[in-house]
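Asker: One structure follows; several queries about it will come next.
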Amino acid sequence: MSPLLPNYLRTLRMRWGLTQPELATLLGITESALSKFETQALAPTKNLILGVEVVFGQGARDAFPALYAQTERNIMRRAAVFSKRLEHERNDIADTKRKLLTEMVDRCVTDNCHL
């Protein structure tokens, strides 16, 4: 993971006065793994991301903003391709899918997504 991609794991841990061993224990990982996540030597796993939300009440968007933005961009690119494939389909299922894609774009615009 690039050191240019911010995450706030260490900031959250320190804000709440937790040591690395304490947070590692809460998250069910080793202190070594936590250190690697904090220094971005390891990309966050889904279990880490969910664990951070449980412990700190911070979702991926807030705790790992660069990873979230990167994931959001990738999904929105795939959604654009998917939308093109649906252009010529005229049925209720295709309409439902188009509605989902529209809602995704609306959320992205409302949330100032990173496209």
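Asker: Which residue fluctuates the most in the chain, going by a Gaussian network model with Cα springs under 10 Å, if the choices are LEU27, LEU86, LEU42?
Answerer: LEU86
Asker: Spelling out what I want: for every residue of the stretch 75-89, take phi, set θ = phi - 60°, compute 6.51 cos²θ - 1.76 cosθ + 1.60 (Karplus), and round to whole Hz; glycine and proline get x.
Answerer: 5, 5, 5, 5, 5, 5, 5, 4, 4, 4, 5, 8, 3, 9, 8
Asker: Tell me which trypsin sites (Lys or Arg not before Pro) from the stretch 58-113 have a DSSP coil assignment and no more than 13 other beta carbons within 10 Å of their own.
Answerer: ARG90
Asker: Return the distance in nm (one decimal) between the two label points of a simple spin-label model at ASP95 and ARG78, each offset 7 Å from Cα along Cα→Cβ.
Answerer: Roughly 2.7 nm, to one decimal.
Asker: In addition: Tell me the volume per residue, in Å³, of the convex hull enclosing the alpha carbons of the chain.
Answerer: So the per-residue Cα hull volume is 118 Å³.
Asker: Quick one: grab the alpha carbon gyration tensor of the stretch 53-115, order the square roots of its eigenvalues as a ≥ b ≥ c, and give me rounded if a/c is under 1.5, else prolate or oblate depending on whether a/b is larger than b/c.
Answerer: prolate
No value in this document is a laboratory result; all are computed from the given coordinates. Everything quoted here is computed from the prediction, not taken from an experiment. Methodologically, a virtual Cβ is constructed for each residue, glycine included, from the backbone with ideal geometry; neighbour enumeration extends over all protein chains shown.
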